[in-house]
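Every number here is computed from the coordinates shown, using simple stated rules; none is lab data. Here the structure is a predicted model, which is why all the values come from computation and not from measurement. Here the Cβ is made from the backbone with ideal geometry for all residues, glycine too, and neighbour counts use every protein chain on show.
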Amino acid sequence: MTYDSPVTRPQTGEVAPRFSMTADDGALVTNDGLAGQRYVLYFYPKDDTPGCTTQACSLRDNWSRVADTGIQLFGVSPDSVKSHARFRDKYRLPYRLLSDEGHAVAEAFGVWIEKSFAGRTYHGNERTTFVIGPDGRVEAVLPRVKPDEHVDLLLGAVAGGVPG
């Protein structure tokens, strides 16, 4: 009998998993469409929850610093396009949120994990960020980031200061 090995998180230098997700504006975003560009996928658990709102608003509040790097930034969670549109509008987020309903992309990136809270076990996104280079390879991985530290860690990684 054979067993499938669990999907592991892509590491620095490896080709990022292929993906296709719908953004909060209804546009389809794919890794093929982003080829030749540098971009960031930041995986977060759920729209409009305290930690995720802190993380999203910190990126918004530091948007000029993020935009100055020239990267495209995308937030990814299993929430619906409609939920993402509400979240983006409510907090005036200047970047797009991608819907990973069914969590196939989170699984491919190795961030769909078992969690527990208040004695309950469930699965959800681990708060992890990937910087992807124009060649489609992972430049940096920021695992298990804290919402209020994310923007500084991200800017360091984009500048080449954080190993994956």
Total charge dipole magnitude, the chain, about the Cα centre, Cβ charges on Lys, Arg, Asp, Glu only, Debye to nearest 20: 280 debye
Contact order relative to length of the chain, as percent, for alpha carbon pairs under 8 angstrom and 6 or more apart: 31 percent
Antiparallel bridges, percent of DSSP beta bridges restricted to the chain (to nearest 5): 70 percent
Residue among V66, V105, T129 farthest towards the positive dipole end of the chain, charges placed on Cβ: V66
Segment 105-161 shape via C-alpha gyration tensor axes, a/c threshold 1.5: oblate
(1) 1.19; (2) 1.07; (3) 0.95, with the label sought being that of the calculated Rg/Rh (Cα atoms, Kirkwood Rh): (3)
Simple label model, 7 Å out from Cα along Cβ direction - S20 to I113, nm: 3.0 nm
